[in-house]
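These notes concern the structure reproduced below.
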């Protein structure tokens, strides 16, 4: 593991709107405490050092003005979802361990399951934030442990309906969720 991160350092998550402080570094993961007080584990490749607020303000200043101009223009247009867009294929999240990490040799079953659930939760939050209505989580058949953990995760959110994904395409190894866009999250 590269030593570019240190305990107490402020970091941001690359594919998520999360910031926090590093509280633990081990050989495979870096644990951060988010600004909301949650402890979440990430791989080093998933985080970057935080950009200071003064630099952030300088970077955001000009684009921020451009966004306001675009918002004024876009407010006049109504948002109509075309029939083609309504039937777009769902987002797919493959939770097979070989899809999530290059080397998983030496990881315990608990570490593998934790990585899979953390990935699923991160992708679920991403889908909610981007208003993606359908997501297919490919978990495989196995003994059903991952599938049950996913169901537990889905029950923690309001406005999510889950069911077996298309059998012809995925067999019995996938679960599709539908995210109701007007529902509030826990």
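The values are calculated or read from the model by the stated rules, or taken from the named source; none is laboratory data. As the structure is a prediction and not an experimental result, all values here were calculated from the model. Please note: Cβ atoms are built from the backbone with ideal geometry, for glycine as well, and neighbour counts cover all protein chains shown.
For (1) within 16 Å of the chain's Cα centre (by Cα); (2) farther than 23 Å from residue 17 by Cβ; (3) at pLDDT 90 or above, each residue gets a yes or a no:
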site	(1), (2), (3)
98	no, yes, no
109	no, yes, yes
118	yes, no, yes
128	yes, no, no
143	no, yes, no
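Scan the stretch 126-149 for residues that are without any contact (Cβ under 8 Å) to a residue 40 or more places away in the chain and under 20 Å from residue 97 (Cα atoms) and jot them down. Spell out how you get there, then give the answer.
Residues of the stretch 126-149 that are without any contact (Cβ under 8 Å) to a residue 40 or more places away in the chain, as a first pass: 130, 141-145, 147-149.
Answer for the stretch 126-149, where residues must be without any contact (Cβ under 8 Å) to a residue 40 or more places away in the chain and under 20 Å from residue 97 (Cα atoms): 141, 142, 143, 144, 145, 147, 148, 149.
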